[in-house]
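**Q** Please find one structure pasted underneath; my questions will follow.
The values are calculated or read from the model by the stated rules, or taken from the named source; none is laboratory data. This structure is a prediction, so every number in the text was calculated from the model and none was measured. All Cβ positions, glycine included, derive from the backbone under ideal geometry; neighbour counts span all protein chains shown. Accessible surface is based on the protein model in full, side chains and every heavy atom, while ligands, DNA and RNA are left aside. Shrake-Rupley method; radii C 1.70, N 1.55, O 1.52, S 1.80 Å.
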Amino acid sequence: MPDDTDRMNELLERQRRAFLKDGPPGLKKRLDLLDRLENAVRSRQDDFCKAISADFSVRSEHETVVAEIFLVIEAIRQARAKVGKWMRPARRCTSMAFFPGKSMVMYQPLGCVGIISPWNYPVQLALSPMVGALAAGNRVMLKPSELTPATSDLLATVLGEAFAAEEVAVLTGGAEIGRAFSSLPFDHLFFTGSPNVGSLVMQAAAKNLVPVTLELGGKSPALVLPGFDMDRAALSIATGKLFNAGQTCIAPDYAMVPAGSVASFVESMKSQVASMYPSLAGNPDYTAIINDAHRERINRLVDDAAAKGARVVRLNPAEENLAGSGKIAPTIVLDVDDDMPLMREEIFGPVLPVMEYDTLDEAISYVQRHPRPLALYCFGNDNAPIDRILNLTVSGGVTVNDTLLHVAQESLPFGGVGNSGMGTYHGEDGFRTFSHAKSVFFQRRLNGMSLIRPPYGHRFNRLMRFLIDRKVGKD
Ligand code: NAD
């Protein structure tokens, strides 16, 4: 696609020239950019809800309001309140050897940032990183997902009205456009999507030494400890699993419950699902799967597990026929093992494998032996086992005694680790991701450098002996 690449390169050049001409924006300009973004989202809230519903065929409008609109507005609100503080240069201590010099870090905008976003939360995952990038004073080019065309077109229109193309530009299109986009020489590339595509994006960025943030997915466990109220655990896990019909990067992927409690967990799940979703087919609260290919993929995972001996329990409270609804009923899968793709691939749908464990160490060891997840959930009454899980497992984030909610804390860094990604954003962490932390040392006229310049001799040796032998912790 040479034409597309040329067009993108030209846009990037325009942004870069404008960035260099205008210089790093001051606080007033950054607040103006954030205000314009907020107005754009607020004034077109209903249009965004409609576009997302059209893309999903059915997407709970309430979930759109909380997960797309509210979270973005909240991110903008916090950035606006704090960006003045985040921008301030920070004094750092100066080593005794270099007194009376002065050290500080200044946070500079990187320049032009690329953002590639996925379809599952098509507004939030495009605009939340943009909040951090604009607060940090950057220009932004966005490549939203082709699987949500109505929302991506609306993003292009709305952002085109709110910003000049030199400030924020949107490029719509599929994988081809994504490939060309990720090969541009941005100052930073921020990608949210699957680990497979994330690897391709990182390889393309590496050619230009473009630093990347990768927000990927994976299999996030939900671990219920002995003695925890099963109804409460099931309610939280069902909520986290069925929000957006499981098409959430941090949805609990599978559950681990103490040996002997599978039956009570399944019963609790049945009643919690029935109270949240008395019906499924025509229920506007229960979201459809994004497209046929994804629905078939999820069904294949379940069918394959069943063929290999797993037990499949459909939670379909009104016993409806879901054919033609675009939806998959909440499903529990028991007696699973690691030979099943269901236990190796991210499910990204309303299907919950449930495993039993005998000891906490066995459950922890299972998590440790698998790729590091984006999220982990644990449910327990006592601090000691929860601390043990927190210390011994490595995941992007954790919510204790509930699901999903760590992502909504704008003050917490959000990101994966290992297979689930690298780098973080949200709040101050987003600002830092999109800033260059530049070290600055101020030398004084009177200083000790004459002691450590050639010709080296006695005074140099005495000074070095003193500096090397002196007790630490004095700076
Ligand atoms: P995806 O990786 O298929 O696509 C993401 C984006 O990359 C899209 O805009 C797509 O057009 C683009 N793309 C596709 N091929 C490309 C290529 N070769 N080069 C550059 N860009 C390319 O992901 P998806 O199906 O849209 O989203 C689902 C995945 O995203 C799941 O794995 C989920 O866990 C993950 N996810 C992660 C987070 C997070 O915050 N960590 C959030 C949401 C989704």
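**Q** Taking R0 as 35 Å, what FRET efficiency do you get between Gln409 and Asp469 from their Cβ-Cβ distance, rounded to the nearest 0.05? Intermediate results must be reported in sequence, preceding the final value.
**A** Working: r = 46 Å, r/R0 = 1.32.
For R0 = 35 Å, the calculated efficiency reads 0.15.
**Q** How are the alpha carbon pair distances in segment 1-152 distributed across 5 Å bins from zero to the largest one, expressed in percent?
**A** For segment 1-152, the pair-distance distribution reads 2, 9, 15, 17, 16, 14, 11, 8, 4, 3, 2, 1, 0, 0.
**Q** Using the Kyte-Doolittle scale, which helices in the chain average at least 0.0 and also have C-alpha atoms spread 15 Å or more along the helix axis, with helices defined as whole DSSP H runs? Don't jump to the answer; show the numbers that get you there.
**A** Working: long enough: 2-22 (30 Å, -1.63); 27-43 (24 Å, -0.65); 45-56 (17 Å, -0.21); 71-87 (22 Å, 0.20); 124-135 (16 Å, 1.38); 149-162 (20 Å, 0.70); 195-207 (19 Å, 0.45); 230-242 (17 Å, 0.43); 262-276 (21 Å, 0.58); 292-307 (22 Å, -0.91); 458-469 (16 Å, -0.34).
Flagged H segments are 71-87, 124-135, 149-162, 195-207, 230-242, 262-276.
**Q** Scaled to the compact-protein estimate 2.2 N^0.38 Å, what is the alpha-carbon radius of gyration of the chain, rounded to two decimal places?
**A** Working: Rg = 25.6 Å, N = 475, 2.2 N^0.38 = 22.9 Å.
Working it through for the chain, the quotient is 1.12.
**Q** Output the peptides 115-121, 273-279 sorted from most to least packed, where packing is the average of other Cβ atoms within 10 Å over each peptide's residues. Working shown, then result.
**A** Details: 115-121: 25.4, 273-279: 16.1.
Put in order of decreasing packing, that is 115-121, 273-279.
**Q** Each residue of segment 396-410 in turn: what ³J(HN,Hα) in whole Hz from Karplus with 6.51, -1.76, 1.60 and θ = phi - 60°, glycine and Pro shown as x?
**A** x, x, 9, 10, 9, 6, 5, 10, 6, 6, 5, 5, 7, 8, 4
**Q** Order 319-328, 127-136, 72-81 from most to least packed using the mean count of other Cβ atoms within 10 Å. Provide the component values of the computation, followed by the final result.
**A** Details: 319-328: 14.4, 127-136: 28.9, 72-81: 19.2.
Highest to lowest by the protection proxy: 127-136, 72-81, 319-328.
**Q** Let me ask something else about it. In deg cm²/dmol, rounded to 500, what helix-only [θ] at 222 nm does the chain give when every DSSP H run of at least 4 residues adds -39500 (n - 2.57) and the total is split over its residues?
**A** Working: 16 runs with 201 residues, N = 475.
Mean residue ellipticity, 222 nm, calculated: -13500 deg cm²/dmol.
**Q** How many Å² of accessible area per residue for the chain, probe 1.4 Å? Intermediate values should be presented prior to the final figure.
**A** Values: 21240 Å² over 475 residues.
Result: 45 Å² of accessible area for each residue.
**Q** Under 1.5 on a/c is rounded, so check that first for segment 6-53, then, if it is not, pick prolate when a/b is larger than b/c and oblate when it is not; a ≥ b ≥ c are the square roots of the alpha carbon gyration tensor eigenvalues. All intermediate terms of the calculation are to be shown ahead of the outcome.
**A** Numbers: a/c = 5.93, a/b = 1.47, b/c = 4.03.
It comes out oblate by the Cα gyration axes.
**Q** What residues have an amide H closer than 5 Å to that of His436, excluding those fewer than 5 places away on the same chain, when H is modeled at 1.01 Å from N in the peptide plane?
**A** The list, which skips near neighbours in sequence, is Gln108, Leu110.
**Q** In addition: If you put +1 on each Lys and Arg Cβ and -1 on each Asp and Glu Cβ, how big is the dipole of segment 358-400 around its Cα centre, in Debye rounded to 20? Intermediate results must be reported in sequence, preceding the final value.
**A** Values: 3 positive and 5 negative charges, 51 e Å.
In total the dipole reaches around 240 debye.
**Q** Share of antiparallel DSSP beta bridges in the chain, in percent to the nearest 5? Intermediate values should be presented prior to the final figure.
**A** Working: 18 of 52 bridges.
Once the DSSP bridges in the chain are tallied, antiparallel ones form about 35 percent.
**Q** Using 10 Å bins from zero, what percent of all Cα-Cα pairs in segment 75-134 falls into each bin?
**A** Whole-percent P(r) values from 0 Å outward: 18, 32, 26, 15, 7, 2.
**Q** Averaging sequence separations of C-alpha pairs under 8 Å and six or more residues apart, then dividing by the length of the chain, give the relative contact order as a whole percent. Walk me through the intermediate numbers first.
**A** Details: 935 pairs, mean separation 89.9, N = 475.
Reported as a whole number, the value is 19 percent.
**Q** How many angstrom lie between the C-alpha centres of segment 98-142 and segment 262-325?
**A** With segment 98-142 and segment 262-325 each reduced to a Cα centre, they are spaced 39 Å.
**Q** Can you find, among Leu12, Val58, Met87, the residue farthest towards the positive end of the dipole of segment 1-87? Put +1 on the C-beta of Lys and Arg, -1 on that of Asp and Glu.
**A** Met87
**Q** Evaluated at 10 °C with a viscosity of 1.306 mPa s, what Stokes-Einstein diffusion coefficient in µm²/s does segment 118-272 have when Rh comes from the Kirkwood expression over alpha-carbon pairs?
**A** Values: Rh = 17.9 Å.
Value of D from the Cα-based Kirkwood radius: 89 µm²/s.
**Q** While we're on this one: Using only the Cα atoms of segment 1-87, build the gyration tensor, take square roots of its eigenvalues as a ≥ b ≥ c, and label the shape rounded, prolate or oblate: rounded if a/c is under 1.5, else prolate if a/b is larger than b/c, else oblate. Display every interim value, and only then the final one.
**A** Details: a/c = 3.21, a/b = 1.24, b/c = 2.59.
Judged from the Cα gyration tensor, segment 1-87 comes out oblate (a/c at least 1.5, b/c at or above a/b).
**Q** If you average the sequence gap of Cα pairs under 8 Å that are 6 or more apart and divide by the length of segment 220-415, what percent do you get for the contact order? Display every interim value, and only then the final one.
**A** Numbers: 363 pairs, mean separation 57.2, N = 196.
The normalised contact order for segment 220-415 reaches 29 percent.
**Q** Here is a further query. Could you check the spin-label model distance between Asn196 and Phe70? Points 7 Å from the Cα along Cα→Cβ, value in nm.
**A** Placing both labels 7 Å beyond Cα along the Cβ direction yields 3.4 nm.
**Q** List the residues, sorted by chain then number, that are 5 or more residues from Met256 or on another chain and whose placed amide H is less than 5 Å from its amide H.
**A** Residues meeting the criterion, in which the H sits 1.01 Å from N, are Ala222, Leu223, Val224, Met355.
**Q** State the extension gain, in nm to one decimal, for the chain segment bounded by Ser450 and Arg7, taking 0.36 nm per residue of separation less the distance between their alpha-carbons.
**A** Numbers: separation 443, 0.36 × 443 = 159.48 nm, distance 5.49 nm.
So the extension gain works out to 154.0 nm.
**Q** Here is a follow-up. With charges only on Cβ, +1 for K and R and -1 for D and E, what is the dipole size of the chain about its Cα centre, in debye, rounded to 20? Show your work: numbers first, answer last.
**A** Details: 51 positive and 53 negative charges, 761 e Å.
Roughly 3660 debye for the chain.
**Q** Towards the positive end of the charge dipole of the chain, with charges on Cβ (+1 Lys, Arg; -1 Asp, Glu), say which of Ala162, Asn381, Val41 has the farthest Cα.
**A** Positive-end residue among those listed: Ala162.
**Q** List every residue whose amide H lies under 5 Å from the amide H of Gly421, counting only residues 5 or more places away in sequence or on a different chain, with H placed 1.01 Å from N in the peptide plane.
**A** Leu216
**Q** Hey, another quick one. Which Cα, out of Ala222, Met256, Leu200, lies furthest along the positive dipole direction of the chain (beta carbon charges, K/R +1, D/E -1)?
**A** Leu200
**Q** OK, next. Taking every alpha carbon pair in segment 395-443, what does the distance histogram look like in 10 angstrom bins from 0, in percent?
**A** Taking every Cα pair in segment 395-443, the percentages come to 24, 42, 21, 10, 3, 0.
**Q** Here's another thing I want to ask about it. Please list 427-435, 20-28, 368-376 highest first by mean number of surrounding beta-carbon atoms within 10 Å per residue.
**A** Working: 427-435: 23.4, 20-28: 12.0, 368-376: 20.0.
Descending packing order for the listed peptides: 427-435, 368-376, 20-28.
**Q** Under a point-charge model restricted to the Cβ atoms of Lys and Arg (+1) and Asp and Glu (-1), what is the dipole moment magnitude of segment 220-415 relative to its Cα centre, in debye to the nearest 20? Don't jump to the answer; show the numbers that get you there.
**A** Details: 14 positive and 25 negative charges, 68 e Å.
The calculated dipole for segment 220-415 is roughly 320 debye.
**Q** Relative to a virtual label point 7 Å from the Cα of Leu390 in the Cα→beta-carbon direction, which members of segment 235-256 show backbone nitrogen distances below 18 Å?
**A** No residue qualifies, since no backbone N sits under 18 Å from the label point.
**Q** Above 23 angstrom, tally the Cα pairs of segment 220-415 and express them as a % of all pairs, no decimals. Don't skip to the answer; put the middle values down first.
**A** Numbers: 7613 of 19110 pairs.
Tail of the P(r) past 23 Å holds 40 percent of the pairs.
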